[in-house]
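Report on the structure given below.
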Amino acid sequence: MGKRRRVAERQRRKTSPAMLGGMIAVVVGGAGFGVYALYGGGASADDRTHSASEHKHVKTGPLSATEVRTTAERFLTAWQQGKVTQAAAATDDSGAATTLLTGYTKDAHVKGVKLTAGTRTGAKVPFSVKGTVSYKGLSKPLAYDSTLTVVRRGSDGKPLVDWHASVVHPDLKDGDTLVTGESGTPPVKALDRDGRELTAAKYPSLGTVLDGLREKFGKVAGGRAGVELRVVRGGASTKAKLSDKTLVELSKGTPGTVKTTLDPAFQAAAERQVGKQKRASVVAMRPSTGEILAVANTDHGWNTAFQGSLAPGSTMKIVTSTMLFEKGLTSPDASHPCPKKYKLAGWTFHNDDNSEIKHGTFKMSFGASCNNAFINFAPKLSDSDLTKEAQQVYGLGLNNWAVGVPSFDGSVPVQSGAQMGASLIGQGGVRMNPLNMASVASTVESGTFRQPYLVSSSVDHRTLAKASRTMSSKTQSELKDVMRYTAAYGTAAKAMSGLGPDYGAKTGSAEVDGQKKPNGWFTAYRGDLVAAGVVQAGGHGGDTAGPIVASLLKMGG
C-alpha cells in the first residue's frame, strides 16, 4: 500500500505542472476566455467572440496633443517617403487617399517632395510642401502651404487624418485631380473693352473670371497649349461650375485673344470698393446692351458676384411688385396697410424692427421695405405666380444664361403656404447673386430683359437667353415710380443722395440661419448704368452694399 501511494504521488507531481501550464497559457491568451474556460468548462467560439467584444474599450473624447502630432507625423512621413499605402492608412478614407496620392506622383509628376509640419492648433496641423514638377525634360519648383485635421474614428477611437482632397493641395475639391501635361486648353489673353490686357495681378477679383474665359474660349481664340500642372475638376466641382486651374506653367503656350466688355475704370473702382468690406461682391452693367462693366469680390477664390446662391431679401420685392402690378392687385399710390404681424399657414411674419404702416400707400411700404405689405397678398396668388414672373419677364431660374464664364442664373422655385409667402420678400427658397439682381434693375430701367454678358456672342456664336415676354410700359412706369421713391425718400436715400433724378433703387436684408447679422443687398440704376451688390453678414443693405453700388453709379449714367 505504501509503495502504491508513493507512485501515485510521483505521478501527480509530474502531471500537475503541465496542466497548470496549459491553464496559464489560456489566461494569457485572453482574460475573458481564460476565466470562462477554467470555471465554466469551456465555451463556443461565438460565446468567446461576444465576451471579448463586450470588454473592448473604445477611446472617446478630445484628441490629445500627442495623438494629433503623431498622427500628422505618420501621415506626412509616409507621404514624403512615397509610401502611399502607409500614408493612406493614416487617413479615414484610405481609398480616396490612395487614388490622389498615387496620382500626385504618376499624373502630376511631382518629385522630391519635402513636407514640413508647422505649429499645431487644436486638431489642425499646417504644413508646407516643396517639390519639383518634372515632365518630358521640363521642370519647375513647386511650393505651397496646406493643412490637415486629425479626427477620432468612431468605431475604434483611432486618431486619423480627416481626408479631403484639399489636404494634398488647398485648391483641390473632393473629386478633383492634379495633372501635368500638355494643356487641352490654350491660354488666352483677356482684354478690356479698350483693348488693354486684364490680369489677376492688376485686378485680383478677375482670377476666377480669367480661368473661366480660358476654359470657354481657349480653343476658339487662336492660341496653342503649353505644358502645365493644373487642377482638373471632378464631377462635383464641374456641377458647381468651377473651372480648371493652372498651378505651375512648365512651358508657355501661345495665347489667343479674347476681348471682354469690362471697363478698366469701373473694374478698378469696384475692386477698391469691395476691398473695404470683409465679404462683399458687386457687378456693374449697361441696361441698354447687357454689357458687364465690372465684377469684383472681396474673396478672390470664389466668384460670388456671378456664381453665388444667396437669398436676396427685399431686393426680390422688385420682381414681386412687377407681378402685383401686372395682375392689377395694387398700384404705387393705392392705399395698402403694412401690419406689424401677419399670419400665413401657421407662420407669423414680422417687419424689420416690428414696424408697421397703418395708413399708407403701397409705394410707402416698398420704400420702407415693409415685409407684410407683400406677404399679405399671398392668399390672392397661386404657388407658381412668382416663379413664372421671374422666368418670363426677368429671364431668371431657367439655367440658360451664356455670360461667357460660369454663372448661376438665379432660382425661384414653386413653393406653397408660408414658404411661398417668404419667397415674396426674397427668403424661402429664392436664391440670387449680384449679377442676377443687377439684371433685375436693368430690366426695370430699360423695360426689356437683356441677358448680361462679358464676351460678345459674335466670338463663339453662342445664343444669349431671352425672356418670353416684356412688361408693359405701364408696369415699367409703376416700377420706376416705387424705385425712384425708395432712392429719394426710402431706405436707399442715404446711399443714393445726390444721384437723382433719373434713378431708382431697392435695399435688402436677408436673414441667414446661424448668422448674427443679415446679408445686406442693394441694387440700383442711374441712367444707363446699373450696379448691384451684397455684403454677407454686413447688416442692412442701405448701410453696407449701398455705398459700394452708389460709388459706381457716380462714375457715369
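Read-outs throughout are calculated quantities, based only on the coordinates presented, and are distinct from any laboratory measurement. Since we're looking at a predicted model, the values are computed, not measured. Glycine gets a Cβ as well: all are built from the backbone with ideal geometry, and neighbour counts include every protein chain shown.
Three semi-axes describe the equivalent ellipsoid of region 249-362; taken as square roots of 5 times the Cα gyration tensor eigenvalues and ordered largest first, they are 42, 19, 14 Å.
How many percent of the alpha carbon pairs in region 412-557 exceed a separation of 26 Å? For region 412-557, the fraction of Cα-Cα distances above 26 Å is 29 percent. Within region 502-545, the proportion of Cα pairs with more than 12 Å between them is 54 percent.
Taking every pair of alpha-carbon atoms in region 188-257, what share in percent sits in each 10 Å bin, from 0 to the bin with the longest distance? Going out from 0 Å in 10 Å bins, region 188-257 shows 19, 51, 28, 2 percent. Between amide H atoms placed 1.01 Å from N, distances below 5 Å from Thr289 occur with no residue 5 or more places distant or on a separate chain. Of the residues Gly253, Ser281, Leu191, the one whose Cα sits farthest towards the positive end of the charge dipole of the chain is Gly253 (charges of +1 on Lys and Arg Cβ, -1 on Asp and Glu Cβ, taken about the Cα centre). With kT/(6 pi eta Rh) evaluated at 10 °C and eta = 1.306 mPa s, and Rh the Kirkwood radius from Cα pairs, region 460-535 diffuses with a coefficient of 110 µm²/s according to Stokes-Einstein.
The order of the peptides 388-396, 198-206, 67-75 by mean Cβ neighbours within 10 Å, most packed first, is 388-396, 67-75, 198-206.
For region 65-170, pairs of C-alpha atoms spaced more than 23 angstrom apart make up 23 percent of the total. Using C-alpha pairs below 8 Å separated by at least 6 residues, the relative contact order for region 188-257 is 37 percent.
When each full DSSP H helix of the chain is screened for a Cα extent of at least 30 Å along its own axis and an average Kyte-Doolittle hydropathy of at least -0.5, the helices passing are 2-29. In terms of distances greater than 19 angstrom between alpha carbons, the cross-link table entries Lys506/Lys554; Lys327/Lys388; Lys327/Lys474; Lys202/Lys259; Lys83/Lys106; Lys130/Lys189 yield Lys130/Lys189. Taking the inverse of the mean reciprocal distance over all distinct Cα pairs, the Kirkwood hydrodynamic radius of the chain comes to 27.6 Å. Under 5 Å from the amide H of Gly410 lie the amide H atoms of Gly397, each residue being 5 or more positions distant or on a separate chain, with H modelled from the backbone and absent for Pro and chain starts.
Using bins of 10 Å that start at zero, the share of Cα-Cα pairs per bin across region 97-140 amounts to 24, 41, 27, 7, 1, in whole %. Amide H contacts under 5 Å for Leu329: none, restricted to partners 5 or more places along the chain or on a different chain, H placed in the peptide plane at 1.01 Å from N. Working from Cα pairs under 8 Å separated by at least six residues, relative contact order for region 379-451 is 29 percent.
Where the convex hull is taken over the Cα atoms of region 266-553, what is its projected area averaged over directions, in nm²?
Numbers: hull surface 54.5 nm².
Answer in nm², one decimal: 13.6.
Helix-only mean residue ellipticity at 222 nm, the chain, DSSP H runs n ≥ 4 weighted -39,500 (n - 2.57), per residue, nearest 500. What is it? If you can, show how the numbers build up before the last one.
On the way: 19 runs with 195 residues, N = 557.
Computed ellipticity for the chain at 222 nm equals -10500 deg cm²/dmol.
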